[in-house]
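The values are calculated or read from the model by the stated rules, or taken from the named source; none is laboratory data. In this text, all values refer to a predicted model and were calculated from it rather than measured experimentally. FYI the Cβ positions are ideal-geometry reconstructions off the backbone, even for glycines, and counts take in every protein chain you see.
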Amino acid sequence: MASLQDQLRGLVYSTETGQQCSECRRPVKECICDQLADEARLALLDGIVRIRREVSGRKGKGVTTVSGVPLPEADLKRLAKTLKQKCGTGGACKEGIIEIQGDHRDLIKSLLEAEGFKVKLAGG
């Protein structure tokens, strides 16, 4: 006979709490999965922000990537927004890496150093 936990494994909605997270089984409003992922990502960082230019897999269009920023996801998105505004271009924040369209390594380096980050230009 299956336990109650096994029976509820596929539960995604409850009339008591509404939507539930499929990972931690808590109501979506109380989900802690993002916090745990942030803590794990931050624990792996060495404190050095690396800036590089990438064109691989982007159909020849270059982007500037910023990785290793020791900030939680919400603050990382705010930083990405600020960098995009200062560079006057678009970009994204994916999996802890900020992508800024175009080659803006020097500008981003000076902006991050002004914020107090230790920055290295990586790659070519």
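Taking the stretch 24-53 on its own, how many of its residues are in a helix (DSSP H, G or I) and either among the aliphatic types (A, V, I, L, M) or in contact (Cβ under 8 Å) with a residue 60 or more places away in the chain (or both)?
So the answer is 6.
Quick one: which of 113, 99, 73 is surrounded by 12 or more Cβ atoms within 10 Å (Cβ to Cβ), out of contact with any Pro (no Cβ under 6 Å at 6 or more places or on another chain) and free of Cβ contacts under 8 Å to residues at least 12 places away in the same chain?
Exactly one of 113, 99, 73 is surrounded by 12 or more Cβ atoms within 10 Å (Cβ to Cβ), out of contact with any Pro (no Cβ under 6 Å at 6 or more places or on another chain) and free of Cβ contacts under 8 Å to residues at least 12 places away in the same chain, namely 113.
For every residue, the table says whether it meets (1) of a type outside the set (A, V, I, L, M, F, W, C); (2) under 11 Å from the mean Cα position of the chain (by Cα); (3) assigned by TED's automatic domain parsing to the domain that holds residue 24.
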position: 68; (1), (2), (3): yes, yes, no
position: 73; (1), (2), (3): yes, yes, no
position: 86; (1), (2), (3): yes, no, no
position: 89; (1), (2), (3): yes, no, no
position: 101; (1), (2), (3): yes, no, no
position: 107; (1), (2), (3): no, no, no
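Counting only residues that are of a type in the set (Val, Ile, Thr) and surrounded by fewer than 19 Cβ atoms within 10 Å (Cβ to Cβ), which one in the stretch 46-70 is modelled with the highest pLDDT?
Checked the stretch 46-70; the qualifying residue modelled with the highest pLDDT is 48.
When the stretch 19-58 is examined, which residues are found to be closer than 14 Å to residue 99 by Cβ and out of contact with any strand residue (DSSP E or B) (no Cβ under 9 Å at 6 or more places or on another chain)?
Matches in the stretch 19-58: 56, 57, 58.
Just one of (1) exposed (fewer than 14 other Cβ atoms within 10 Å of the Cβ); (2) touching a residue at least 60 places away in the same chain (Cβ under 8 Å); (3) part of a strand (DSSP E or B) trips up residue 123, so point out which.
Single failed check for residue 123: (3).
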